1. How high is the FRET efficiency between Glu64 and Asp114 when r is their beta carbon distance and R₀ equals 35 Å, given to the nearest 0.05?
2. Using amide H atoms built in the peptide plane, which far-off residues or other-chain residues are under 5 Å from Met129 H to H?
3. Between Ile54 and residues 5 or more places away or on another chain, which pairs have amide H atoms under 5 Å apart, with H built 1.01 Å from N, and which residues are they?
4. Quick one: Karplus J couplings for the range 64-73, per residue in order, coefficients 6.51, -1.76, 1.60, θ = phi - 60°, nearest Hz, x for Gly and Pro?
5. So what J values fall out for the range 50-58 if you push phi through Karplus, 6.51 cos²θ - 1.76 cosθ + 1.60 with θ = phi - 60°, rounded to Hz, Gly and Pro as x?
Amino acid sequence: MNGTLNLYGDLFADLNRLQESFEQAFRPGSGGSIRALPRHTFPVINVGSTPEAIEVLALAPGVEPAELQVTIDKGLLVIAGERKNDGPAQSDNTAVYAQERFKGSFRRVISLPDDADPARINATCRDGMLRVTVPRREASKPRQISIS
């Protein structure tokens, strides 16, 4: 019986999350489409880790490198900027009936591990993809210990 209650509890939690997703997708200012991303999810990011570094890729098509700001403070990597509107504008002759592309200011915050070395951070931007590499501190890298 206890397992059955947990099953229904998880089902209701999943239904609540689905309802929140629908409400967020159709909220005024979200683009009016279920495929439109909320403002806090731009740019889309991928974060990976190797023994040598933490790699962050931010996919920001249509954003010029001069419009991007990358800062690091107290273990937080912040990617911020602004994407201009380059779509059709509302006018007397044009009625915009769908606009899914995000425009405006954005800000993403990524928490870095304790062994990240902010003094050696490197950021490059090419073809709308921002790559931020944060090396790990030398002391935290794995090393072979010889036994005598």
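1. 0.55
2. Correct list: Ala60.
3. Close amide H contacts, sequence-distant or interchain: Val134, Arg136.
4. Karplus values, whole Hz, x for Gly and Pro: 6, x, 5, 8, 9, 10, 10, 10, 9, 7.
5. Those phi angles translate into 10, x, 8, 7, 10, 10, 10, 10, 10 Hz.
Every read-out reported here was derived from the displayed coordinates using simple, explicitly stated rules and does not represent laboratory data. Computed from a prediction, not measured in an experiment: that's the story for all the values here. Neighbour counts run over all protein chains shown; Cβ positions are idealised from the backbone, glycine included.
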